[in-house]
Structures are given as C-alpha cells and as structure tokens.
Amino acid sequence: MSQLSELFRQGKYEEMWDRCCGFIDLSLPEFMNVQKRLLLEQLELLKNCQLGRGILKGANPTTVEEFRKMVPLTSYEDYAPYLLKRRWEVLPRKPILWQYTSGKSSEYSYRWAPVTARMLDETEALVFALSFFSSATKRRDIKIRPGDRVLYGMAPPPYATGTMTRVFPHEMFDFLPPVSEAEQASFEDRINTGFKMGLDRGMDYVLSMSSVAYAIGERFKHNGGSVDIKKLVRKPKTLARLVKGKLAARLAGRKMLPRDLWKLKGLITYGIDGEVFRDKIKEMWGRYPLDFHGCTEAPVIAMQTWDHQGMTFIPHLNFFEFIPEAEAIKCWQDPAYQPQTFLMDELKPGNYELVITNLHGGAFVRYRLGHLVQITSMRNDKLDIDIPQMRFLARVDDQIDIAGFTRLSEKVIWKALENSGVEYEEWTARKEVVAGKPELRIYVELKKNESRGTAQIADAVHAELKQLDTPYAELEEFTGLRPIEVTVLPHGAFKLYKMKQQAAGAELAHLKPPHLNANDAIIEFLTSTARTVRVAEAAPVAAAA
C-alpha cells in the first residue's frame, strides 16, 4: 500500500489535501521554480541515456534558456525507432509499465509511451486530487471515503486512463464492476455490468468518458419509463431504487434520469466531448462533470477544480512550452520552420499549441503534442489560484479549413450539432471540394424520431456555427458562401461499421469512424444507400458586397 493510500485509510484528509492538491496554492513564480528545477534534473538523466543523446543531438544545455535554444522540437517519429519496440535500456529511467494510444495508420498502429515508477506515484496523487475536487465546494473539503461505490467507465490498460484507474487504490473502493473483472470485459459489457450493479448497490462516483455519462442519461430518457417492474421482484434493492426514481420523475413531470436514482458525490469525465455535453450531463446526473486534460505521452496535464471552470496546469509531471496558434499552423504547414515558444510566465490569454518535456525519467523532450489549448485567464480570481487557466480546443493538425477563412475543430462542429437540437445517433464531417468550391460536408445518422429534412438540418447547424465561430460567420458575410452539405446516412450505418471493425479485430480506438476527415473507404461504407441533398448557397459574392 502506498503512503497516500495509507494516509487515506487512516482518515488523514488534511495531509492528503496538502500532498495531492497543494499545487493550486503555488504562486506563478513558485510554479516556474518547480518546473525549472525538475527540468534540470531531467536533463542530467537525458545526457546519460541513448535516447536522450540522440534527441539532444550533441547539445549540452545546463540552463533552461540553453535547453530551449539548443534542443529542437520533436514529434513521435523521433521516438518511434525506440518506443515502438519498447526498448527500455535506451531510456532515461527504466519504465515500470508501457501504455499506448492509437497512432497514424499510415505510419504505425499505436503510439507506445513508457511510464516510470516516479511518474506513476505522481499520477496516483493527481487521481486523488480529481476525486477531491469533483465533490468539493471549498478548499480541504474531502467527501470521498473508503468503500464508496465508483462506476468504472475508463478504457482499460494499456490505455492511459486504465493506467490511472489501476494506480488508484481501487481495492479500497467498491468499483462497479471490480477493476480486475472490468479489464477482462469488453467496453460495452463493462458499462452494462457496472450500471446494473449500481442499480442494486447504489453509486457515489462516476469515472468515465463524457460520452458514456451522456449515453447513460439518454438511455434513461428513451427507455427509463419502460422498465418491467415485475421482472425485478427478486431484486428488492434494484426494485426500490427504480420505483423511487420513477416517482421522482413523475412528480417532476418528465422522464426518469440518473439523478432520480443516485445522488452522486462526484462525477469525473474525460474526452474531447466533455465541454459539448457539460450542461446535458448536469441535467441528467444532477451535478457538473469535473474535466481533466491529458494524453498517453502526458497522462495528466491540467484539471478543473471545484468551480468546474477553467483547468489548472500541473507543475510537476511535465515541463511546458507554448507555441502561438499562428506559429503552430505555419510550422505544421512547413516542417522545416522552427517556431518561437513561450513559458508559462510569458503567456497572455489566447490560443497556443502545447509542447511538453516529460519529467521524472520520461521519454519525451520538447515534444509537440499537437494540442491546441486556449489560455482563458492568467489566474482564477474567484478561487485565488495564481496559475494560468486553460481549456482544450482541438488538435492543430486535425481541423477543417474552409476557404482559408476558418479552421473548424471537432468540438465546434459537435457543439453546433448539439445546440441545433438535431436528434442524431452519430456523425462525421470533412471538407470536400465540389465544382471548385470548398464545402463542409456533415454525414449524420438521425434518430428515428427526427423529422427534419437535410436542408433544415443544415440551416440549423449553420446558424449555430455562426454563433460559435466568428470567422465562419464572416465567411458568409464576406463571400456569400454557406459551405454546408448534409448527407443523411442509413439507420444502423455506424453500428454496422463497428461490427465490421470488431470482426476485423480492431482495437477500441478504431471501432468508430473519426469525427473529422474520415477517408474515402469509410465514407463509402457509411453512405451505402444514403440520400444526399445539398443546401443551396446564399447570394453570390457581388450581391453580398
């Protein structure tokens, strides 16, 4: 049992808060001192290993300033010869485990990343911090207790979120289902089993993908009222919970929702769709989800605190640099271009690409994640947190550029579709050029109760995009273009695609088409027998002028 777990078991919550959440009380100069001290320690490890010497390319930096001037920015291809073969002997520190995420299919199937024992220890403290913040209403307000019931909705190891769950002292809680069982089941079976166990035992925390929390709520809205009570006579706890939930929903004059069955202490979610579903999850579950940002190469980068607003950066897992958005786009277009980077204490509110250097013996050095984040403010005045606040926007290299006016991210298109009120099962979008003109084509599978036609759907999404993205609104104003085309897919198209991928042995990350820029083969599969209607363009450029 780790020291943190032992403190938790003993109920020493004040000390737990200081160890796990103390980073939010750092001043910005203190934050930077932690960053620079740990980076210099990491540099010494890099100089004494094969991978480090290869990345440093003969440089011998002894200060942070020399490090930034002498060491080039890197991408995964710089590490692939070592990491794809999981060569631990070339690394700064021997890893205790490896984790992966999906890679670019044209180059490699997975991106493997090593995790050292020290990195794992630091991650344990941050998972505790997430659980504390998710249920707190002020500093040092710790509501989680041993034995609390936790719905397990994370992807299993070797995905990074599964590693986070495993390092957490899950034996001290009632995980639904137990972690050892969950890791052996398919994702769908795990969620269904956990859901049934929660009906019987209750539920205190939900730890899941945002889309899973949303999907459970949707299931209640559409099927919650059709539960056959007679079949549950032999399950008195489940029956009592459902009867109480149905009564609460009836008194409220609506269909049953998860909040009618469970009064959660905390709700922790992850995924690009967290901001998209935030308000709907609150409506369904009775509390806002606590979001965090991370990835395989850097498991925890930043997290929300108890106000559920901007995310606060973590100082002691990765050293951070930031590339301004315009510079980031320029160097993605021209790989030879070397952009200027800024440190945390040099930022102003705006959009930046994240660059990280792993600390504590990690592998990645001045590594371009491709994550575009927005610095929303230089501090959280309400909670007196003196660290820049961020939100994740998109991947820099995975957006849809329309006529050079706007770069639409997955999150913006998704939010526009949600805000439009269109009842849909799934969607994917990409830029296509028709008759020499760029179009945003959205392929959408509708729910059976959606009666609007493609022109009405496109109008509704177009109106929401204009509200969410100023450059998109200016595209119509200045050029007269309304570049939306909607293709309605056959019912079951995405389910059939998933079945095809499962039959081919695809991993979890590849079971669904990407939301942006799916290739021709995927689109051809989805659009079989589909019907397409193009939205009429607005007035020509001359008339608009």
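The values are calculated or read from the model by the stated rules, or taken from the named source; none is laboratory data. The model shown is predicted, which means the values in this text are computed figures rather than measured ones. We place every Cβ from the backbone using ideal geometry, glycine too, and count neighbours over all the protein chains shown.
Based on this model, can you work out whether Ile24 counts as in a helix (DSSP H, G or I), closer than 30 Å to Lys143 by Cβ and of a type in the set (Val, Ile, Thr)? Answer is yes for this residue. Could you tell me whether any residue of the range 104-115 is touching a Gly at 6+ places or on another chain (Cβ under 9 Å) and farther than 27 Å from Asp397 by Cα? No.
Within the range 51-65, residues that are assigned to a loop (DSSP other than H, G, I, E, B) have Cβ atoms under 6 Å from residues that are of a type in the set (A, V, I, L, M) in these pairs: Ala59/Met70; Ala59/Val71; Pro61/Met70, counting only partners at least 6 apart in sequence or on another chain. Arg37 - would you say it is more than 26 Å from the chain's Cα centre (by Cα), over 26 Å from Asp397 (Cβ atoms), at pLDDT 95 or above and part of a helix (DSSP H, G or I)? Yes.
For every residue, the table says whether it meets (1) closer than 23 Å to Phe313 by Cα; (2) in the same structural domain as Val167 (by TED's automatic domain parsing); (3) surrounded by 15 or more Cβ atoms within 10 Å (Cβ to Cβ).
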{"position": "Leu51", "(1), (2), (3)": "no, no, yes"}
{"position": "Val64", "(1), (2), (3)": "yes, no, yes"}
{"position": "Thr74", "(1), (2), (3)": "yes, no, yes"}
{"position": "Arg87", "(1), (2), (3)": "no, no, no"}
{"position": "Val90", "(1), (2), (3)": "no, no, yes"}
{"position": "Arg93", "(1), (2), (3)": "no, no, yes"}
{"position": "Gln99", "(1), (2), (3)": "yes, no, yes"}
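Rundown of residues vs (1) in contact (Cβ under 8 Å) with a residue 24 or more places away in the chain; (2) assigned by TED's automatic domain parsing to the domain that holds Pro258; (3) within 26 Å of Lys12 (Cα to Cα), yes/no style:
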position: Arg149; (1), (2), (3): yes, yes, yes
position: Thr161; (1), (2), (3): yes, yes, no
position: Pro169; (1), (2), (3): yes, yes, yes
position: Gln184; (1), (2), (3): no, yes, no
position: Val206; (1), (2), (3): yes, yes, yes
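Restricting the range 251-271 to residues that are within 20 Å of Ser131 (Cα to Cα) and among the hydrophobic types (A, V, I, L, M, F, W, C), the residue that is surrounded by the fewest Cβ atoms within 10 Å (Cβ to Cβ) is Leu264. Tell me whether the range 134-151 contains one or more residues that are under 30 Å from Leu51 (Cβ atoms), touching a strand residue (DSSP E or B) at 6+ places or on another chain (Cβ under 8 Å) and of a type in the set (A, V, I, L, M, F, W, C). Checked against the condition, which is being under 30 Å from Leu51 (Cβ atoms), touching a strand residue (DSSP E or B) at 6+ places or on another chain (Cβ under 8 Å) and of a type in the set (A, V, I, L, M, F, W, C), the range 134-151 yields no hits at all. Restricting to the range 509-530, and then to whatever is among the hydrophobic types (A, V, I, L, M, F, W, C) and in contact (Cβ under 8 Å) with a residue 40 or more places away in the chain, can you tell me which residue is nearest to Glu425 (Cα to Cα)? Among those residues, the one meeting the criterion is Leu526. Restricted to the range 177-212, and to residues there that are part of a loop (DSSP other than H, G, I, E, B) and crowded, with 20+ Cβ neighbours inside 10 Å, the residue that is modelled with the lowest pLDDT is Pro177. The listed residues are Arg452, Arg407, and the only one of them that is closer than 24 Å to Leu489 by Cβ and either surrounded by fewer than 20 Cβ atoms within 10 Å (Cβ to Cβ) or touching a residue at least 40 places away in the same chain (Cβ under 8 Å) (or both) turns out to be Arg452.
Exactly one residue out of Ala155, Ala113 is in contact with a strand residue (DSSP E or B) (Cβ under 9 Å, 6 or more places away or on another chain), in a loop (DSSP other than H, G, I, E, B) and touching a residue at least 24 places away in the same chain (Cβ under 8 Å), and it is Ala155.
State whether one or more residues within the range 82-90 are over 21 Å from Trp112 (Cα atoms) and hydrophobic (A, V, I, L, M, F, W, C). Within the range 82-90 (the criterion being over 21 Å from Trp112 (Cα atoms) and hydrophobic (A, V, I, L, M, F, W, C)), the answer is no, since none of the residues qualifies.
Screening the candidates Ala473, Ala460, Ala506 for the property of being closer than 26 Å to Gly271 by Cβ, of a type in the set (A, V, I, L, M), outside the structural domain of Gly271 (by TED's automatic domain parsing) and free of Cβ contacts under 8 Å to residues at least 12 places away in the same chain yields one hit, Ala506. Residue-level analysis places Ala215 among those that are outside the structural domain of Phe23 (by TED's automatic domain parsing) and surrounded by fewer than 19 Cβ atoms within 10 Å (Cβ to Cβ). Among the numbered conditions (1) crowded, with 16+ Cβ neighbours inside 10 Å; (2) modelled with pLDDT of 75 or more; (3) among the hydrophobic types (A, V, I, L, M, F, W, C), the only one that Ala521 does not meet is (1). Of the residues in the range 416-437, at least one is of a type outside the set (A, V, I, L, M, F, W, C), assigned by TED's automatic domain parsing to the domain that holds Glu476, in a helix (DSSP H, G or I) and modelled with pLDDT of 90 or more. Do we find that Pro490 is within 23 Å of the chain's Cα centre (by Cα) and either within 25 Å of Thr101 (Cβ to Cβ) or at pLDDT 80 or above (or both) in this structure? In short, no.
Number of residues in the range 227-258 that are outside any helix (DSSP H, G or I) and either modelled with pLDDT under 80 or of a type outside the set (Lys, Arg) (or both): the value is 7.
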